[in-house]
Amino acid sequence: MNQEKQAAVAAVEEKAGLVAQVADCIWDYAELSLQEERSAAKYCAVLEEEGFTVERGICGIPTAFSAAYGAGRPVIGLLAEYDALSGLSQRAGSLERAELVPGGCGHGCGHNLLGAGAFAAALGVKAWLERTGHPGTVVLYGCPGEEGGAAKAFMARAELWRGLDAALTWHPDDVNEVVTGSSNACIQTQYLFTGVSSHAAVDPERGRSALDAVELMNLGVQFLREHMSGKARIHYAITDAGGRSPNVVQPRASVLYMVRSNRVAEAVELQARVDKIAQGAALMTETTFEKKFIDGLADTVPNHALETVLYRNFQALGVPAYTAEEHAFADALARTYPGSDGLPGIGAKFDAALADQVRRLRGSAGHAMNGFLAPLYQGEALDPGSTDVGDVSWQCPTGQIHVASWPNGCPGHSWQNVSCGRTDIGHKAAVHAGKVLAATVVDLMEDPELLAAAAAEFRRQTAAGYTCPIPAGAQPVVPD
């Protein structure tokens, strides 16, 4: 690294205390999707204190924001998330399930660390821009509601990401790696059926059962499953069965559907077929229904050019180091769940030779924390889950990394993740992610050829065009 890039990394380290403080505040707030008022306010206040130009409520989403520093191009975006999950309140640093607030919320996906790491990267790039006077703008985007709100997709509907030359982010995980491959597009829709109540024994002919409509819809979708892509998935949950009295024809019932596919255009097409089944169920039962859009997001478009730059900086910076006490805590925590002996990382799932390398690295680590950088993998990979980072990746070149934030094999959305999120293990992950991302932004701003390569690959990968999964009139829905 040249002296200027080293200064950017050093600036992140100098702000490590502030980064940890912000991460802990967000952990304490533990606010659900699209309800992150205090979390967003905290970020905006700190960013303004640090000299960024902050815009609140962007794209009509109250808890979304942008914070910019610099001038001119290139414009590089950093993506921050800060929403929590319900039912995961947990005492920090605990080796057993211990709720802080009975039934409360917790950061089981580590988004308190995710946002703090992106914030750290923005601070490092700002220091570099100040030091060098180089043209360029870094923008930290506050992206609420990743867990069921899909704010980035609503921002994509507003064409926000097309103004960027590139976007970078990270996610807490059990491994240090550069992320590649795709994820599933996903659309959630609720169908609320309305019928006519009657006495099920005395006047059954007067009744029109909304629950029958839901059951017929579910049956129709079951037959649809035989005639859709093998990579597609359709999930459902009956959210209102119409009551608890079997001798009453249920006048209302509702079902929530989630349609997934490995391409967003295919998910939109499949969603239209599910809509037709709902119409058919209503016709068969002489009921009516209201369709309520919940959220939608696209598959992820990988960018190998950006992945290569991220990996090079990850190699140069290494991985977080842990104290004996931190290792002891992580080792003990790993004994609280099954699967702590599994192979981590994306590449190990899809490449046998790389899996052997990871197995050797795991064996030499000697502890539950993965203190190594997984080899760079850029082959085919599909994460069956979904993320609204995908919508960003359809509008600008996008790169991501994972940084080990909890022990190997730690289950997603778990109390163990929450427990780690307010410890020095979590703090180190956020700071280290900030360093890798900041160093990568510096490279992209210094070397136009890197951005040109990323842009050329992006154009090839997205030649089919972006299909937005958000209908024109839909508004973000605060999850129940």
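Just a few scattered comments:
- All conditions but one from (1) surrounded by fewer than 21 Cβ atoms within 10 Å (Cβ to Cβ); (2) at pLDDT 95 or above apply to residue 63; the one that does not is (1).
- Residues of the range 147-202 that are within 26 Å of residue 362 (Cα to Cα), β-branched (Val, Ile, Thr) and in contact with a strand residue (DSSP E or B) (Cβ under 8 Å, 6 or more places away or on another chain): 169, 175, 178, 179.
- As a summary of the residue check, residue 332 satisfies the conditions (1) surrounded by 15 or more Cβ atoms within 10 Å (Cβ to Cβ); (2) touching a residue at least 40 places away in the same chain (Cβ under 8 Å); (3) out of contact with any helix residue (DSSP H, G or I) (no Cβ under 9 Å at 6 or more places or on another chain); (4) over 22 Å from residue 401 (Cβ atoms) except for the one numbered (1).
- Flag for residue 325 being acidic (Asp, Glu) and without any contact (Cβ under 8 Å) to a residue 12 or more places away in the chain: yes
- Residue check, residue 30 within 21 Å of residue 158 (Cβ to Cβ), assigned by TED's automatic domain parsing to the domain that holds residue 337 and buried (at least 18 other Cβ atoms within 10 Å of the Cβ): no
- The strands (runs of 3 or more DSSP E) found wholly in the range 1-108 and carrying at least 2 residues that are under 18 Å from residue 429 (Cβ atoms) and either of a type in the set (Asp, Glu) or in contact with a strand residue (DSSP E or B) (Cβ under 8 Å, 6 or more places away or on another chain) (or both) occupy 75-80.
- Just so you know, in the range 368-402 the residues that are among the polar types (S, T, N, Q) and assigned to a loop (DSSP other than H, G, I, E, B) include one that is nearest to residue 183 (Cα to Cα), and it is 386.
- Residue 441 being within 30 Å of residue 3 (Cβ to Cβ) and assigned by TED's automatic domain parsing to the domain that holds residue 343: yes
- Residue in the range 270-284 that is touching a Pro at 6+ places or on another chain (Cβ under 7 Å), more than 30 Å from residue 429 (Cβ to Cβ) and at pLDDT 95 or above present: no
- Residue list for the range 286-308, restricted to those being outside any loop (DSSP other than H, G, I, E, B) and in contact with a Phe, Trp or Tyr (Cβ under 8 Å, 6 or more places away or on another chain): 288, 289, 290, 291, 292
- Residue match in the range 316-336 (condition: under 28 Å from residue 153 (Cβ atoms), part of a loop (DSSP other than H, G, I, E, B), aromatic (Phe, Trp, Tyr) and modelled with pLDDT of 95 or more): no
- Qualifying residue in the range 102-109 (condition: touching a residue at least 40 places away in the same chain (Cβ under 8 Å) and over 24 Å from residue 404 (Cα atoms)): yes
- Criterion (surrounded by 19 or more Cβ atoms within 10 Å (Cβ to Cβ) and in contact with a helix residue (DSSP H, G or I) (Cβ under 8 Å, 6 or more places away or on another chain)) met by exactly one of 255, 268: 255
- Given (1) under 28 Å from residue 390 (Cα atoms); (2) of a type outside the set (A, V, I, L, M); (3) crowded, with 22+ Cβ neighbours inside 10 Å; (4) not assigned by TED's automatic domain parsing to the domain that holds residue 42, number of the condition residue 136 does not satisfy: (4)
- Among the residues here, residue 311 does not qualify as surrounded by 14 or more Cβ atoms within 10 Å (Cβ to Cβ), at negative phi and assigned to a loop (DSSP other than H, G, I, E, B).
- Pairs linking a residue in the range 284-299 that is exposed (fewer than 14 other Cβ atoms within 10 Å of the Cβ) to a residue that is of a type in the set (A, V, I, L, M) and part of a strand (DSSP E or B), with Cβ atoms under 7 Å and 6 or more positions apart or on different chains, are 290/192.
- Answer from 386, 419, 414 - the residue that is under 29 Å from residue 105 (Cα atoms), surrounded by 19 or more Cβ atoms within 10 Å (Cβ to Cβ) and modelled with pLDDT under 95: 386
The values are calculated or read from the model by the stated rules, or taken from the named source; none is laboratory data. Treat the numbers as computed from the prediction; the structure is a model and nothing was measured. Using ideal geometry, Cβ is built from the backbone for each residue, glycine included, and neighbour counts are taken over all protein chains shown.
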